[in-house]
Amino acid sequence: MENNVRPASMARITNFDLANAFIDEQVEAVRQQVGDKKVLLALSGGVDSSVVAALLIKAIGKQLVCVHVNHGLMRKDESENVIKVFGQEMDANLIYVDATDRFLDLLKGVSDPESKRKIIGKEFIEVFADEARKLEGVEFLAQGTIYPDILESIKQAEGKKAVKSHHNVGGLPEDLKFSLVEPIKLLFKDEVRVVGEALGLPHAMVYRQPFPGPGLGVRCLGAITRDRLAALREADAILRDEFDKCGLAEKVWQYFVVIPDIKSVGVKDESRYEGWPAIIRAVNTTDAMSATIEEIPYAVLHKITDRITKEVEGINRVLMDLTPKPVGTIEWE
Ligand code: XMP
């Protein structure tokens, strides 16, 4: 990839004037790059891909084909929301692919975090290639790559040990015929949000918490099983619901549940009940390069613990991760 270094002269985008200047520049650059060809976009529904979608709709309209891949690792109701917002409300060219079995079959028994990330990243590209083959005139693949992804990849290229491989940067197969369109690759997360609002995206969408490309796959630690994944999805939905209700959703940058592949002994209905622990992580950051811990009121934690242990099959404990980045990364894998 070229032009992957942010020029020292590039001002931090903190207001609409700077955002609009950036948008105008990128709209022009994208039009120049793609001409009358079609562009495929990996639309996960997260902030990054949503902003890229809005930017590309502005630049090339219906030449943009959005593909939403449900890899079976989405949060609860997430794919349904993508279809509602982009397919119905924004009238985008949207293709929905349910690839749950494809991904989960490939991931079966794989416990190494980097292997999991690589499998998910590679399969993503395969799914897009399959979709592209069904379409005429697609020569480009758009991605919501942002600058922290690039920085970690540069470190890797320089021979330093990468912290983790981000699936939207690496792993493109040799025979891939797409050229990449990555209009926000020099932006930090806070800048992406300003650009999104300047593009007219709803506030809630632009300020929603980020969600990693490999999805719940890197939060269902070790070898993924369908039952533990289902428990994770439910526990995560409860955490999000409670954060919404008490106003923390607006305040905390990223919050989620992790479930390790261990069980402990508990008691339920007067019987031995072995279950997984649900680990809550809630962090604040501006650029995802470092992060601090949000102090959650105990009343909220008690409520969440109560609901998760009562409502989610297979979970018998709730724990809180108090580790800042560094030394812990935000995700566990
Ligand atoms: P870490 O775990 O490296 O995460 O501290 C920093 C931020 O990046 C998100 N993340 C990803 N985003 N593709 C993405 O687009 C990925 O593969 C990926 N992995 C982690 C993570 O959720 C956090 O916000």
TODO: Say whether the condition of being of a type in the set (Val, Ile, Thr) and either in the same structural domain as Asp261 (by TED's automatic domain parsing) or touching a Lys or Arg at 6+ places or on another chain (Cβ under 6 Å) (or both) is met by at least one residue in the stretch 204-215.
DONE: yes
- [ ] Enumerate the pairs (first residue in the stretch 75-97 and farther than 18 Å from Leu55 by Cα; second residue anywhere and among the hydroxyl-bearing types (Ser, Thr, Tyr)) with beta-carbon separation below 7 Å, excluding pairs fewer than 6 apart on the same chain, so at least 6 apart or on different chains.
- [x] Ile83/Tyr96
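Yes/no matrix, rows are residues, columns are (1) modelled with pLDDT under 90; (2) in a loop (DSSP other than H, G, I, E, B); (3) in contact with a helix residue (DSSP H, G or I) (Cβ under 7 Å, 6 or more places away or on another chain); (4) among the β-branched types (Val, Ile, Thr):
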position: Leu229; (1), (2), (3), (4): no, no, yes, no
position: Ala235; (1), (2), (3), (4): no, no, yes, no
position: Ile238; (1), (2), (3), (4): no, no, yes, yes
position: Asp241; (1), (2), (3), (4): no, no, no, no
TODO: Could you tell me whether any residue of the stretch 272-284 is on the phi < 0 side of the Ramachandran plot, within 16 Å of the ligand (Cβ to nearest atom) and charged (D, E, K, R)?
DONE: yes
- [ ] Give just the number: which of (1) of a type in the set (Asp, Glu); (2) free of Cβ contacts under 8 Å to residues at least 24 places away in the same chain; (3) surrounded by 14 or more Cβ atoms within 10 Å (Cβ to Cβ) does Glu295 not satisfy?
- [x] (3)
Open item on the list: Where the second residue is hydroxyl-bearing (Ser, Thr, Tyr) and within 16 Å of the ligand (Cβ to nearest atom) and the first is closer than 20 Å to Ile83 by Cβ and lies in the stretch 205-230, which pairs have Cβ atoms under 6 Å and are six or more apart or on separate chains?
Closed with: Met205/Ser50
TODO: Mind telling me which of the residues Val27, Val51, Val47, Val39 ends up being surrounded by fewer than 21 Cβ atoms within 10 Å (Cβ to Cβ), β-branched (Val, Ile, Thr) and under 16 Å from Ala142 (Cβ atoms)?
DONE: Val27
Open item on the list: Checking the structure you have, find out if any residue of the stretch 293-303 is within 22 Å of Arg193 (Cα to Cα), not hydroxyl-bearing (Ser, Thr, Tyr) and not assigned by TED's automatic domain parsing to the domain that holds Cys246.
Closed with: no
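The values are calculated or read from the model by the stated rules, or taken from the named source; none is laboratory data. What you see is a predicted model; the values in this text were computed from it and never measured. Every residue, glycine among them, receives a Cβ derived from its backbone with ideal geometry; neighbour counts consider all protein chains shown.
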